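Visitor: Okay, here's the structure, questions in a sec.
The values are calculated or read from the model by the stated rules, or taken from the named source; none is laboratory data. Note that this is a predicted model, so its numbers are computed, not measured. In this analysis, Cβ positions are derived from the backbone assuming ideal geometry, glycine residues included, and neighbour counts consider all displayed protein chains.
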Amino acid sequence: MRRILAGIDIGSNTIKLIVAEIVKRKVNILAVAETESKGIKNGMITNSDAFASVLKETFQKAEDILGLRIRKVIVTVPSFHAEFLVSEGSTTITNEDKVIQGNDIVRAMQASVYNKIPENYELVDIVPTGFMINEEEVVKDPLDRIADKLLVKTLITMIPKEDMMPILESFSRIDVEVIGTNFTSVGDYYAIKTEKMDSEVGAIINIGNATTTISIFNKGVLVNTSTIEIGGQNIDNDISFIYKVTKSDAKNLKETLGLAHKRLASASNTKIVTNKLGESITINQYELSEIIMSRLEEILNIARKQINYLTKKEIHYIIISGGVSETENFQLTLESVFGKSAKLASLHEIGVRNNKYSASLGILKNFDYKLRLRGNSFSIFSNEELEELSGKHRKLNISDNSVLGKLFGYFFDN
């Protein structure tokens, strides 16, 4: 079965939906849809009707590209009140050959959660941190190993029901099933992770529009996280206040004229706008970039202090993600705060080479990892829908016997 998944990142600025096929751990983007957020603030739903409407619009955009209805999705959830619990569970291997199968791994992980989640909390994810077979041999991947008993150590992540349920109910309103949840930071990690990162302790800083999230990973596992209410919109507010322009004009100035660092900015590069007093004013790039740089340095310095608060372990990597990190010359400001110890995230998948997509891309990769761990295959589309998806591009009136017709058949039917 073709493994096609959909992941959606619920941001305060925009909602981003990615549909992709994963073949041998390579992600092929099939559709990307993005819609301005409404009815949500800092990951929390403030207006369920407005949020459901925007969700529906986002799915419609992706469905128009695919020609198929999307009924299942993986979703990012807020980590403001995240709780972490170390646990373990075990199961006896009951099949005749004593070969560990995917359902055995699932049972052991389920056992680690049994009676561990408080009534007012909802499970976000179960992360296996180690496996042991026959109570003596530690293994990384127990699938297909021969054993009488399987034990798994896990890290359980959860959030209050009041944070989770409104999100799930909103998807239910538009008839979309949530098949998996995870934090934005986990998506960030899986979007950019390397084999080396999986053996180290590091931090990922996601600078979004309304918030900045600082997360600590130990050998690929999220162990602590903190969210501060400061982000790209604070830069917009600064520009709006100083120049007395509207928030929308301030955002436009930031995105079209401003740089993240003043070093390469030019005072002769200007833009004329009308402020809220009706006056025509000239804004130059150098002064504008000073404003942007000042706020970005503040955000990064706060994030640096949070890293020291979240862990006492030695940090081997610091990676910056989120849409704000795409501001031109951001690397210069990053170096002014962290020196050479931090770097920008870099996405390589065609169609989503922008850090604003890191979370929605990464939660797909994380879900795929969990499928492989269990030896499972899954697609959000049925076999009939997959056939329709493959044939969607064959609407041209081309004979199947022609050379071009055979080429179309090769690319879209195999």
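Visitor: Need at least 3 residues that are within 30 Å of GLU63 (Cβ to Cβ) per element, so show me which strands (runs of 3 or more DSSP E) inside segment 159-244 make the cut, counting only ones lying wholly within it.
Guide: Hits in segment 159-244: 177-183.
Visitor: I need the full set of residues from segment 220-254 which are in contact with an Asp or Glu (Cβ under 6 Å, 6 or more places away or on another chain) and within 30 Å of LYS370 (Cβ to Cβ), in order please.
Guide: Matches in segment 220-254: GLY220 only.
Visitor: Which residue pairs have Cβ atoms under 8 Å apart, sit 6 or more places apart or on different chains, and have a first residue in segment 211-224 that is farther than 17 Å from PRO78 by Cα and of a type in the set (Lys, Arg) and a second that is assigned to a loop (DSSP other than H, G, I, E, B) and modelled with pLDDT of 95 or more?
Guide: Matching pairs, first to second residue: LYS219/GLU200.
Visitor: Still on this model: I'd like the full set of residues that are surrounded by fewer than 19 Cβ atoms within 10 Å (Cβ to Cβ) and either in contact with a helix residue (DSSP H, G or I) (Cβ under 9 Å, 6 or more places away or on another chain) or not in a strand (DSSP E or B) (or both), limited to segment 93-106.
Guide: Those that are surrounded by fewer than 19 Cβ atoms within 10 Å (Cβ to Cβ) and either in contact with a helix residue (DSSP H, G or I) (Cβ under 9 Å, 6 or more places away or on another chain) or not in a strand (DSSP E or B) (or both): THR94, ASN95, GLU96, ASP97, LYS98, GLN101, GLY102, ASN103, VAL106.
Visitor: Within segment 245-256, how many residues turn out to be buried (at least 19 other Cβ atoms within 10 Å of the Cβ) and part of a loop (DSSP other than H, G, I, E, B)?
Guide: 1
Visitor: When residues of segment 63-93 are filtered for being in contact with a Lys or Arg (Cβ under 7 Å, 6 or more places away or on another chain) and under 25 Å from LEU155 (Cβ atoms), how many remain?
Guide: Number satisfying all stated conditions: 7.
Visitor: Have a look at LYS41, LYS72, LYS16, LYS24 and point out the one that is surrounded by fewer than 23 Cβ atoms within 10 Å (Cβ to Cβ) and modelled with pLDDT of 95 or more.
Guide: It is LYS72.
Visitor: While we're on this one: Every residue in segment 24-75 that is within 20 Å of the chain's Cα centre (by Cα) and among the polar types (S, T, N, Q), please.
Guide: The answer is ASN28, THR35, SER37, ASN42, THR58.
Visitor: Then there's this: For segment 185-210, give me each residue that is more than 30 Å from GLU36 (Cβ to Cβ) and touching a residue at least 24 places away in the same chain (Cβ under 8 Å).
Guide: If the condition is that a residue be more than 30 Å from GLU36 (Cβ to Cβ) and touching a residue at least 24 places away in the same chain (Cβ under 8 Å), then MET197, GLU200, VAL201, GLY202 are the ones that fit.
Visitor: Moving on to the next point. Would you mind finding the one in SER325, SER289, SER321 that is at pLDDT 95 or above, crowded, with 21+ Cβ neighbours inside 10 Å, closer than 24 Å to ASP125 by Cβ and of a type outside the set (Asp, Glu)?
Guide: Among SER325, SER289, SER321, only SER321 is at pLDDT 95 or above, crowded, with 21+ Cβ neighbours inside 10 Å, closer than 24 Å to ASP125 by Cβ and of a type outside the set (Asp, Glu).
Visitor: Taking interchain pairs and intrachain pairs at least six residues apart, which have beta carbon atoms under 8 angstrom, with the first residue in segment 262-290 and touching a residue at least 12 places away in the same chain (Cβ under 8 Å) and closer than 14 Å to ASN252 by Cα and the second small (Gly, Ala, Ser) and surrounded by 15 or more Cβ atoms within 10 Å (Cβ to Cβ)?
Guide: Partner pairs satisfying both residue conditions: GLN285/GLY258; GLN285/ALA265; LEU288/GLY258; LEU288/ALA265; SER289/GLY258; SER289/ALA260; SER289/ALA265.
Visitor: Within segment 280-352, which strands (runs of 3 or more DSSP E) (wholly inside it) include 3 or more residues that are acidic (Asp, Glu) and more than 21 Å from SER268 (Cβ to Cβ)?
Guide: none
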